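Enquirer: My structure is below; once you've seen it, I'll send some questions.
Taken together, the values in this text are just the output of simple stated rules run on the coordinates, not laboratory data. Small disclaimer: the values here were computed from a predicted structure and weren't measured. In this analysis, Cβ positions are derived from the backbone assuming ideal geometry, glycine residues included, and neighbour counts consider all displayed protein chains.
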Amino acid sequence: MKQAKVLNVAELKRLGAVVENTRHAVRNATAVALSFYAGLRACEIAALKVGDVFELTGAVKDTIYLSAAQTKGDDGSTVFVSKRLAVALRRYATAFPKKIARPDDALIFSAKGTKFSAQTIVNLFGTLYNAAGITGASSHSGRRQFVTELANKAINPRVIQALARHKHLNTTMRYMDVNDSKLRSAVDMVNYQL
């Protein structure tokens with residue numbers, strides 16, 4: 001099974017530009033941020049409620065607790081909100097203050113105000129990647145990018161596994177992108193003198 005593409009810097013910039021020029025830019029940017037900055041799956045993004053992400057005061061929570069019904073598998077999980085994700089969520093709160101006041105409403109919603117399904121989130125990502133001219137990317141690309149970025153920063157694989165909410169480390173390892181540039185950089189780190 002082919003894995004979702006990890007985007008390069010140019011593709012990330014194109015995606016960002018496309019998102020900002022869509023009709024529902026803030027909503028779309030929020031969905032992308034949840035994928036890329038927290039590693040959420042499409043089903044998890046679709047399942048989020050306003051109250052999962054925002055306090056009753058409208059402040060962004062620093063931790064999102066997903067119930068077993070909201071995530072893959074039989075267990076609930078914890079998602080830590082990074083500074084970058086918090087910025088995206090505060091932008092969302094500013095754009096939709098009435099929405100933030102309704103904690104039981106779906107966080108990501110259609111133009112008609114209805115809840116997105118997991119498939120609708122998948123379709124949204126497909127539309128955004130297509131508009132950005134990025135082939136091979138899917139709704140899982142952000143999640144894979146999240147894991148790869150942590151690995152590139154030399155974060156302990158067990159920590160990455162916990163942040164990705166994987167039961168098995170070998171699953172997490174499959175998410176990490178390896179390419180010739182990374183391999184070349186790795187061997188260049190061997191610098192002892194013979």
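Enquirer: Among 160, 134, which is the only one that is among the aliphatic types (A, V, I, L, M) and touching an Asp or Glu at 6+ places or on another chain (Cβ under 7 Å)?
Expert: Working: 160 fails: touching an Asp or Glu at 6+ places or on another chain (Cβ under 7 Å).
Exactly one residue qualifies, and that residue is 134.
Enquirer: Give segment 18-47 a look and list any residue that's under 18 Å from residue 148 (Cβ atoms), charged (D, E, K, R) and either assigned to a helix (DSSP H, G or I) or in contact with a His (Cβ under 6 Å, 6 or more places away or on another chain) (or both), or say none.
Expert: none
Enquirer: Right, something else. Inside segment 104-123, can you point out the residues that are charged (D, E, K, R) and either in contact with a strand residue (DSSP E or B) (Cβ under 6 Å, 6 or more places away or on another chain) or in contact (Cβ under 8 Å) with a residue 12 or more places away in the chain (or both)? Write out each step before concluding.
Expert: Taking segment 104-123 first, the residues charged (D, E, K, R) are 104-105, 112, 115.
If the condition is that a residue be charged (D, E, K, R) and either in contact with a strand residue (DSSP E or B) (Cβ under 6 Å, 6 or more places away or on another chain) or in contact (Cβ under 8 Å) with a residue 12 or more places away in the chain (or both), then 104, 105, 115 are the ones that fit.
Quick grid of which residues meet (1) under 16 Å from the mean Cα position of the chain (by Cα); (2) surrounded by 12 or more Cβ atoms within 10 Å (Cβ to Cβ); (3) in a loop (DSSP other than H, G, I, E, B):
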{"residue": "51", "(1), (2), (3)": "no, yes, no"}
{"residue": "58", "(1), (2), (3)": "no, yes, yes"}
{"residue": "87", "(1), (2), (3)": "yes, yes, no"}
{"residue": "112", "(1), (2), (3)": "no, no, yes"}
{"residue": "129", "(1), (2), (3)": "yes, yes, no"}
{"residue": "135", "(1), (2), (3)": "no, no, yes"}
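Enquirer: Exactly one of (1) outside any helix (DSSP H, G or I); (2) in contact (Cβ under 8 Å) with a residue 40 or more places away in the chain is unmet by residue 75. Its number?
Expert: Result: residue 75 passes all but (2).
Enquirer: Let me ask something else about it. Under 9 Å between Cβ atoms, which residue pairs at least 6 apart in sequence (or on different chains) link something in segment 32-45 that is within 11 Å of residue 79 (Cα to Cα) and in contact (Cβ under 8 Å) with a residue 12 or more places away in the chain with a partner that is assigned to a loop (DSSP other than H, G, I, E, B) and of a type in the set (Gly, Ala, Ser)?
Expert: Within 9 Å, the pairs are 37/82; 38/82.
Enquirer: Considering only residues that are over 27 Å from residue 67 (Cβ atoms) and touching a residue at least 60 places away in the same chain (Cβ under 8 Å), look in segment 141-194 and name the one that is surrounded by the fewest Cβ atoms within 10 Å (Cβ to Cβ).
Expert: Top of the filtered list is 177.
Enquirer: For segment 130-182, enumerate the residues that are out of contact with any helix residue (DSSP H, G or I) (no Cβ under 8 Å at 6 or more places or on another chain), within 17 Å of residue 44 (Cα to Cα) and not hydrophobic (A, V, I, L, M, F, W, C).
Expert: 165, 167
Enquirer: Residues in segment 24-32: is at least one more than 23 Å from residue 114 (Cβ to Cβ) and either within 10 Å of the chain's Cα centre (by Cα) or not aliphatic (A, V, I, L, M) (or both)?
Expert: Taking segment 24-32 as the starting set, the residues that turn out to be more than 23 Å from residue 114 (Cβ to Cβ) are none.
Within segment 24-32, not a single residue is more than 23 Å from residue 114 (Cβ to Cβ) and either within 10 Å of the chain's Cα centre (by Cα) or not aliphatic (A, V, I, L, M) (or both).
Enquirer: Look at segment 89-110 and say how many of its residues are in a helix (DSSP H, G or I) and surrounded by fewer than 12 Cβ atoms within 10 Å (Cβ to Cβ). Steps first, answer last, please.
Expert: Filtering segment 89-110 for residues in a helix (DSSP H, G or I) gives 89-95, 97-100.
When the remaining residues are screened for being surrounded by fewer than 12 Cβ atoms within 10 Å (Cβ to Cβ), the result is 94, 97-98.
Looking only at that region, the number is 3.
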